[in-house]
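Chemist: Below is the structure I would like to discuss, written out as structure tokens.
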Amino acid sequence: MRHRPLAPLSFLLLPLGLYAVWVIYPTLATMALAFTDWDGISPRQAWVGLANFERLFNDRVFWLSLGNNLRWVLVFITIPTSLGLALALALNRNVRFDRFLKIAYYLPMVLAFVVIALMWAWIYHPRQGLINSTLFHLYGLAQSLGFDVNPAAARRIGWLGDPNLAMGSIIAAATWQHVGYVMILYLAGLKTVNTELLDAGQVDGASPWQLFRYVTFPQLAPVTTIVLVITVIQSLRAFDLVYVMTRGGPFNSSNVLANFMYIEAFLNYNMGYAAAIAVVLFLISIGFIAIYLYRVVQQEER
Amino acid sequence: MRRIVFASIATLVAVTLAWGAAQSGVLRYNSYMMDPVPRELDAKIVALFMERYPDIRVEHSSVAHEDFKQAIRTYLVASPPPDVLTWFAGERMRFFTRTGLIANITNVWQGSDWEDVYPVGFQSMSQDAGAYYFVPQSYYWWAVYYRTDIYDEVGLEVPETWDAFLDNCRALDAAGYIPVAIGSRYGWPAAGWFDYLNMRVNGPEFHIRLLDGLESYESEEVRNTFAHWKQAMDAGCFIDNPASYDWQDAAEFMIQGEAAMYLMGQFILDVFPADARDSVDFFRFPIIDPDLPVGEDAPTDGYFVSANAANMENAKLFIEFLGSREVNEMWAREAGRLVPRTDLDPNIYPPATRKGLEEILRRADYVAQFYDRDTPEELAGRGMDAFVEFMANPGALDRILADLQREAERVFAARQ
């Protein structure tokens, strides 16, 4: 059938037009901006070639932020993914209250990032926060048992104020939220696992670990790909938690690329420079997004 | 004859109409006054203006301070932009005059008594390249605020010199108090320390030259400033992990009676409950080198008119009203703010404000705005990060200053 009807194309026109105006054009415009020195206000903008990128690659804050993004990726593709998978496996076995537990674990996902950020900022507060208050009482207990600890020290731990702890504290809060998401994805995936294969394995005397490793997990491969790609994209686009909890501080120790870009664009009025950061972030993300799209398309064709 | 009468009447009508047109219509005013006291007064002033000019309808919107600072650029490039806005004098204002977004209001200044009653310093901070763009509304001083009850209990005197200050820190530390609270989560409270130390160690002129890009952050002078900062850290002055707290969080230590001192602006009293205010007083930041002129930070807030204001005539009327003696007096009397006009009786100020004026500002040889108002904003962000980093990691000073100096060179080179 070489002759294609016009109808589908005409139906596509409107969404494509909107997509072009709202997504493709801004993306291209941002890329063009990255080669200018526009300050966000003046009509004047001069072409500066690669100067923004040259400055970027010599900027300590850029490397700090990129490093933090990579740390985020590393933690995210290991901890919340394996926890989510473990939870999904556990809750898939018709345990008691499984419905309640599933909802409980998924609930953080329902909350807006800003709400999570505010909540964890309170939990981490050095004086009144949940963690330090708990530690304070534990230390007090230890002291009364004769151990040489000072309870007051517990209140001095700056989870978000200590440059060595801030990034980890934020990632921990993000992990708390992400686990539920991974769990739901795997729970859905587990429904598609062929039970006949599991039964066959059991008859052949496979241990539970072997069943998981050689029967269940391979069948979850498509889900795992999606989980990994979503996880990586989540880590790269991280902004909300950082912005609300520390604004990238203290002194950029918890900065990430998206927040760095925001600061340059909207606080320092360096639209050109911020666009250069956006382009770099885009190039890093596009690789993962391409894998994701490839997988999705492949699955749909199947 | 009849024709002449008719013509005059017609002219009169036309003039009246034109005059009426100038005084009617809309005026859009955006302000960042959101703390209870200034917010209420701001609304009152707008109401009074509308009473004076019943044909002008003022559309007044108040936006939270931090949000306003970020959004002002979008306001100014909107069409039409707000007609009158609140803003900061000095470098922060000049950023927008350079981009042509602030209206020249030289004729308002010259058509009023302002040049006679605003001190020269306030005139120059309202200008760029010889023209007026701004009208100052109020200013406040910075000082070391301290708990008088803790000072009495430990038996301390108000320190006049740096050594006395360090001794006080040691005594307070030994008595189990946090000598100095500081919440540097957003950087600027640390910039207050830098401003004062640099002005006391190297003099206000050097300080301003540094902030204008004419001196280096890697100079001996600046290193000496940081050496003094290190002395205070070594004397146990500062709270642990200052970057964990925003400025109000850290003030809580002082309110609770755990911390004794806080280098802060006048507005710190706004966060103290009324009953705690009686045990709080302030003193001038100690003198380090008595041979140098004394500099103080006194940030000034005020108003400007958008260059593209849709209601330019109304905007000018309003800003003239805002700079009037009447409005200045309201700020002084009702909000305890220091106002720039000199034709007011100083006795209208509350006692604490009078003390700030007499003991801090009248004794100053030089008045600076504040670090992030005196130096280009994007450099100020890096600078404040640098100060916070120094407080956490003083050993990295060389690298911190080298990074900051490189950034300063880039920012100032881009301005040429």
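The values are calculated or read from the model by the stated rules, or taken from the named source; none is laboratory data. None of the values given here were measured: they were computed from a predicted structure. Positions of Cβ are backbone-derived with ideal geometry, glycine not excepted, and every protein chain shown enters the neighbour counts.
Residues checked against (1) more than 13 Å from B:L210 (Cα to Cα); (2) among the aromatic types (F, W, Y); (3) in the same structural domain as B:G213 (by TED's automatic domain parsing):
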{"residue": "B:D365", "(1), (2), (3)": "yes, no, yes"}
{"residue": "B:L379", "(1), (2), (3)": "no, no, yes"}
{"residue": "B:M384", "(1), (2), (3)": "yes, no, yes"}
{"residue": "B:F387", "(1), (2), (3)": "yes, yes, yes"}
{"residue": "B:M391", "(1), (2), (3)": "yes, no, yes"}
{"residue": "B:R399", "(1), (2), (3)": "yes, no, yes"}
{"residue": "B:A402", "(1), (2), (3)": "yes, no, yes"}
{"residue": "B:Q405", "(1), (2), (3)": "no, no, yes"}
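Chemist: May I pose another question? For the stretch B:79-197, give me every one of the helices (runs of 4 or more DSSP H) that falls completely inside it and has 1 or more residues that are touching a residue at least 40 places away in the same chain (Cβ under 8 Å) and within 14 Å of chain A (Cβ to nearest Cβ).
Modeler: Fully inside the stretch B:79-197 and qualifying: B:91-98, B:162-174.
Chemist: Identify, please: which residue in the stretch B:199-217 is touching a strand residue (DSSP E or B) at 6+ places or on another chain (Cβ under 9 Å) and assigned to a helix (DSSP H, G or I) and is, among those, surrounded by the most Cβ atoms within 10 Å (Cβ to Cβ)?
Modeler: B:H207
Residue-by-condition table, conditions (1) within 14 Å of chain A (Cβ to nearest Cβ); (2) free of Cβ contacts under 8 Å to residues at least 40 places away in the same chain; (3) closer than 22 Å to B:M34 by Cβ:
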position: B:Q256; (1), (2), (3): yes, yes, no
position: B:L263; (1), (2), (3): no, no, no
position: B:D270; (1), (2), (3): no, no, yes
position: B:A274; (1), (2), (3): no, yes, yes
position: B:F282; (1), (2), (3): no, no, no
position: B:F285; (1), (2), (3): no, no, no
position: B:G295; (1), (2), (3): no, no, no
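Chemist: What number goes with the only condition from (1) closer than 24 Å to B:R325 by Cα; (2) modelled with pLDDT under 90; (3) more than 21 Å from the chain's Cα centre (by Cα) that B:G111 does not pass?
Modeler: Answer for B:G111: the failing condition is (2).
Chemist: Any idea which of (1) surrounded by fewer than 16 Cβ atoms within 10 Å (Cβ to Cβ); (2) more than 14 Å from chain A (Cβ to nearest Cβ); (3) among the small types (G, A, S) is the one B:A368 doesn't satisfy?
Modeler: Every condition holds for B:A368 apart from (1).
Chemist: Counting residues that are of a type in the set (D, E) and under 30 Å from A:V296 (Cβ atoms), which helices (runs of 4 or more DSSP H) fully inside the stretch A:169-271 reach at least 2?
Modeler: Counting at least 2 such residues, we get no helices (runs of 4 or more DSSP H) at all.
Results for (1) at pLDDT 90 or above; (2) under 29 Å from A:N68 (Cα atoms), shown as yes or no for each residue.
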position: A:V215; (1), (2): no, no
position: A:P222; (1), (2): no, yes
position: A:Y262; (1), (2): yes, yes
position: A:G272; (1), (2): yes, yes
position: A:A278; (1), (2): yes, yes
position: A:R295; (1), (2): no, yes
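Chemist: Considering each residue of the stretch A:202-212, count those that are surrounded by 10 or more Cβ atoms within 10 Å (Cβ to Cβ) and more than 33 Å from the chain's Cα centre (by Cα), and give that number.
Modeler: Selection size over the stretch A:202-212: 3.
Chemist: Please verify whether A:F62 is under 30 Å from A:Y262 (Cβ atoms) and either free of Cβ contacts under 8 Å to residues at least 40 places away in the same chain or buried (at least 16 other Cβ atoms within 10 Å of the Cβ) (or both), treating the condition exactly as stated.
Modeler: For A:F62, the condition - under 30 Å from A:Y262 (Cβ atoms) and either free of Cβ contacts under 8 Å to residues at least 40 places away in the same chain or buried (at least 16 other Cβ atoms within 10 Å of the Cβ) (or both) - is met.
Chemist: Counting only residues that are loosely packed, with under 14 Cβ neighbours inside 10 Å, of a type outside the set (D, E, K, R) and touching a helix residue (DSSP H, G or I) at 6+ places or on another chain (Cβ under 9 Å), how many does the stretch B:157-180 have?
Modeler: 1
Chemist: Within the stretch B:246-259, does at least one residue satisfy the condition of being modelled with pLDDT of 95 or more and within 18 Å of B:F370 (Cβ to Cβ)?
Modeler: No, the stretch B:246-259 has no match at all.
Chemist: With the checklist (1) modelled with pLDDT under 90; (2) more than 14 Å from chain B (Cβ to nearest Cβ) in hand, flag the one item A:P26 doesn't pass.
Modeler: Of (1) modelled with pLDDT under 90; (2) more than 14 Å from chain B (Cβ to nearest Cβ), only one is false for A:P26: (1).
Chemist: Filter the stretch A:193-208 for residues that are closer than 19 Å to A:P222 by Cβ and touching a helix residue (DSSP H, G or I) at 6+ places or on another chain (Cβ under 7 Å) and give the result.
Modeler: Once the filter is applied, which keeps residues that are closer than 19 Å to A:P222 by Cβ and touching a helix residue (DSSP H, G or I) at 6+ places or on another chain (Cβ under 7 Å), the stretch A:193-208 yields A:V193, A:N194, A:L197, A:L198.
Chemist: Which of the residues that make up the stretch B:276-308 are among the charged types (D, E, K, R), in a loop (DSSP other than H, G, I, E, B) and surrounded by fewer than 18 Cβ atoms within 10 Å (Cβ to Cβ)?
Modeler: B:D289, B:D291
Chemist: Is one or more of the residues making up the stretch A:260-282 charged (D, E, K, R) and away from chain B (no Cβ under 11 Å)?
Modeler: No; the residues of the stretch A:260-282 include none that is charged (D, E, K, R) and away from chain B (no Cβ under 11 Å).
Chemist: Of the residues that make up the stretch A:182-201, is at least one more than 24 Å from A:I277 (Cα to Cα), crowded, with 20+ Cβ neighbours inside 10 Å and either within 14 Å of chain B (Cβ to nearest Cβ) or touching a Phe, Trp or Tyr at 6+ places or on another chain (Cβ under 7 Å) (or both)?
Modeler: Yes.
Chemist: A further question follows. Going through A:R55, A:R93, A:R99 one at a time, which residue ends up being within 14 Å of chain B (Cβ to nearest Cβ) and over 20 Å from the mean Cα position of the chain (by Cα)?
Modeler: Within the list A:R55, A:R93, A:R99, the selection yields A:R55.
Chemist: Turning to a different aspect of this structure: Can you name every residue in the stretch B:218-254 that is within 14 Å of chain A (Cβ to nearest Cβ), over 30 Å from B:G336 (Cβ atoms) and in a helix (DSSP H, G or I)?
Modeler: Result: B:A243, B:S244.
Chemist: Look at the stretch A:124-164 and say how many of its residues are surrounded by 13 or more Cβ atoms within 10 Å (Cβ to Cβ), within 13 Å of chain B (Cβ to nearest Cβ) and not in a loop (DSSP other than H, G, I, E, B).
Modeler: Total meeting the criteria: 4.
Chemist: Answer yes or no: is there a residue in the stretch B:179-195 that is among the hydroxyl-bearing types (S, T, Y) and in contact with a Pro (Cβ under 6 Å, 6 or more places away or on another chain).
Modeler: The answer is yes; a qualifying residue exists.
Chemist: For the stretch A:29-45, give me each residue that is within 11 Å of chain B (Cβ to nearest Cβ) and either in a helix (DSSP H, G or I) or touching a helix residue (DSSP H, G or I) at 6+ places or on another chain (Cβ under 9 Å) (or both).
Modeler: A:D37, A:D39, A:G40, A:I41, A:S42 - these are the residues of the stretch A:29-45 that are within 11 Å of chain B (Cβ to nearest Cβ) and either in a helix (DSSP H, G or I) or touching a helix residue (DSSP H, G or I) at 6+ places or on another chain (Cβ under 9 Å) (or both).
Chemist: Considering only residues that are closer than 26 Å to A:V182 by Cβ and touching a Gly at 6+ places or on another chain (Cβ under 8 Å), look in the stretch A:225-254 and name the one that is farthest from the other protein chains (Cβ to nearest Cβ).
Modeler: Restricting to residues being closer than 26 Å to A:V182 by Cβ and touching a Gly at 6+ places or on another chain (Cβ under 8 Å), the top hit is A:V227.
Chemist: Looking only at the stretch B:337-354, decide whether some residue is of a type in the set (G, A, S), in a loop (DSSP other than H, G, I, E, B) and in contact with a helix residue (DSSP H, G or I) (Cβ under 9 Å, 6 or more places away or on another chain).
Modeler: The answer is no; no qualifying residue exists.
Chemist: On the given criteria, is B:A414 farther than 20 Å from B:H207 by Cα, within 12 Å of another protein chain (Cβ to nearest Cβ) and either without any contact (Cβ under 8 Å) to a residue 60 or more places away in the chain or in a helix (DSSP H, G or I) (or both)?
Modeler: For B:A414, the condition - farther than 20 Å from B:H207 by Cα, within 12 Å of another protein chain (Cβ to nearest Cβ) and either without any contact (Cβ under 8 Å) to a residue 60 or more places away in the chain or in a helix (DSSP H, G or I) (or both) - is met.
Chemist: Looking for whichever is surrounded by fewer than 20 Cβ atoms within 10 Å (Cβ to Cβ) and either within 14 Å of chain A (Cβ to nearest Cβ) or not acidic (D, E) (or both) here; the options are B:R337, B:R373, B:R354. Which one fits?
Modeler: It is B:R354.
Chemist: If we keep just the residues of the stretch B:376-411 that are among the small types (G, A, S) and either closer than 17 Å to B:R185 by Cα or surrounded by fewer than 22 Cβ atoms within 10 Å (Cβ to Cβ) (or both), which is farthest from the other protein chains (Cβ to nearest Cβ)?
Modeler: Only one residue tops the list, namely B:G395.
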